[in-house]
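S.K.: Quick one: the structure is below, and I'll ask about it shortly.
Only the coordinates and a few stated rules stand behind these numbers; no lab work does. On a predicted model such as this, the values are computed, not experimentally measured, just so you know. Cβ placement follows ideal geometry from the backbone for every residue including glycine, while neighbour counts extend to all protein chains displayed.
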């Protein structure tokens, strides 16, 4: 293929995150010290990793848990994030349930806090696009149907696979 062809191919940044709940169905969230909203444990996929590997690595790095990476719950596409030069494609996996008293070891260089929150409580802590992703993860876990979240929202009424 020519250089002209490759110059037209879309470039994206890829990320992976974990949907982890406690015995009461509350979601594990972390408070990164480098942004103004909380998120699910996760991060950028490193070169040579596939999304599930990155998910497991990020959970271990951020909260010190070894998790079994289960089914893919959501795939989202985000344009125009201020700190990322390309669109972000994010994969969120079901990483199961842990007891709320499970010892958590935060990655102190990146995270200030963590907690288990209901979807309603989480809304106040999350950016809108992260809250939408959280809602889609809950729906995907309940139904077993993967959720695609296109740019601009509509993930709960958008395509399902």
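S.K.: Rounded to the nearest 10 degrees, what's the angle between the helix 128-143 long axis and the longest principal axis of the chain, both from Cα atoms, 0 to 90?
M.R.: 70
S.K.: Could you give the angle, 0 to 90 degrees to the nearest 10, between helix 51-63's Cα long axis and the longest principal axis of the Cα atoms of the chain?
M.R.: Long axis of 51-63 versus the principal axis of the chain: about 40 degrees.
S.K.: What order do you get for 130, 9 when you list them from fewest to most C-beta neighbours inside 10 Å?
M.R.: 9, 130
S.K.: Also, quick follow-up: Rounded to the nearest 5, what % of the DSSP beta bridges within the chain are antiparallel ones?
M.R.: 60
S.K.: Provide the gained length on full extension for the span residue 23 to residue 44, in nm with one decimal, where the gain is 0.36 nm per separating residue minus the Cα-Cα distance.
M.R.: Result for the pair: 4.8 nm of gain on full extension.
S.K.: Only helical DSSP H runs with n ≥ 4 go in: add -39500 (n - 2.57) per run for the chain, normalise by residue count and round the 222 nm mean residue ellipticity to 500 deg cm²/dmol.
M.R.: When only DSSP H runs of four or more count, the value is -7000 deg cm²/dmol.
S.K.: At q = 0.14, 0.15 Å⁻¹, what is the base-10 log of I(q)/I(0) for the chain according to the Debye formula with one equal point scatterer per Cα and no solvent? Please give it to two decimals.
M.R.: For the chain at q = 0.14, 0.15 Å⁻¹, log10 I(q)/I(0) is -0.68, -0.78.
S.K.: Here is a further query. Using the per-residue mean of other Cβ atoms lying within 10 Å as a proxy for protection, in what order, highest first, do the peptides 99-107, 66-74 fall?
M.R.: 66-74, 99-107
S.K.: Give the order of 61, 132 when sorted by the count of other beta carbons within 10 angstrom, beginning with the fewest.
M.R.: Result, fewest neighbours first: 61, 132.
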